[in-house]
Structures are given as C-alpha cells and as structure tokens.
1. Could you tell me whether V36 is part of a helix (DSSP H, G or I) and at pLDDT below 95?
2. Looking at region 93-113 only, could you name the residues that are in contact with a Lys or Arg (Cβ under 9 Å, 6 or more places away or on another chain) and either modelled with pLDDT of 95 or more or of a type in the set (D, E, K, R) (or both)?
3. If I ask for residues that are loosely packed, with under 14 Cβ neighbours inside 10 Å, within 14 Å of the chain's Cα centre (by Cα) and not in a loop (DSSP other than H, G, I, E, B), which ones from region 39-60 would you list?
4. Of the conditions (1) out of contact with any helix residue (DSSP H, G or I) (no Cβ under 8 Å at 6 or more places or on another chain); (2) surrounded by 12 or more Cβ atoms within 10 Å (Cβ to Cβ), K19 satisfies every one except a single condition; which number is it?
5. Among (1) at pLDDT below 95; (2) out of contact with any helix residue (DSSP H, G or I) (no Cβ under 7 Å at 6 or more places or on another chain); (3) within 28 Å of S13 (Cβ to Cβ), which single condition is D47 missing?
Amino acid sequence: MIEPEILTEVPASLKRLAKQVVRGFYGVEHSLALDVLIRNPCVREEDMLELLKFDRKQLRSVLNTLKADKFVKCRMRVETAPDGKTTRHNYYFINYRFNHFLNSFIDCTLQYGKDAFSCT
C-alpha cells in the first residue's frame, strides 16, 4: 500500500491565497497579523506583540476574528521556567484548511451573484 506524501512546507500558492483573501475581506491589522504568521509558521502571542507593536487587547481582537472565521488556530502551552514557575503561552498558526470560508464564499456567490461582493 502506498503511503500518502507528507508535506513539510506550505506551498507558496496556499500562502498567496490566504494573503489575498485576508487583504480582500479584512482590515489592515488582520493583514499584518497574517503576514507575521505566513513568515513564521508558529508564533507566540508575546512575539507577535513585539513585532506588530499592537496593544494586547487589539491583537487578541484581531486574532479572535481570524480564529472565529477559522483562518487561525491557537494552542495554549504550559511551560515551566528554570525557577519552577509555570506560565501559559498562546501559540498561533495559520489553519491552511480554510475550505469552510471558501465554500461559504462560493455558495454566496452562486446565490447572490458576484456583484453582491465588493472589496473596500
């Protein structure tokens, strides 16, 4: 039996598609957050705060919007420091299985026609 091939790197076409969809339907903050996630496959929340210079509340709002639309996934990891203290860190990564969004977009396009959508 032939085993399926496992990809270790995300194809450039999927990265480009994710970038175009977010730039077309979301704000600038969402695009910036996604650009960070495209360049780095898995990013800790604190690192994103440093890179983007956002407030924690603003970054969480942006990431929660993308998470609600199933573009981004989050994993919480408990890490133990050398002094024995435990800290929780949120790690974010792109969910490249965003077929949910594309399927709903295609259904809406078929139902209302492509004139119903406009990019701002």
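The values are calculated or read from the model by the stated rules, or taken from the named source; none is laboratory data. Please read these numbers as outputs of a predicted model, since none were measured by experiment. Please note: Cβ atoms are built from the backbone with ideal geometry, for glycine as well, and neighbour counts cover all protein chains shown.
1. On the way: part of a helix (DSSP H, G or I): yes; at pLDDT below 95: no.
Criteria not met by V36.
2. Listed by number, the list holds a single entry, R97.
3. Once the filter is applied, which keeps residues that are loosely packed, with under 14 Cβ neighbours inside 10 Å, within 14 Å of the chain's Cα centre (by Cα) and not in a loop (DSSP other than H, G, I, E, B), region 39-60 yields only R39.
4. (1)
5. (1)
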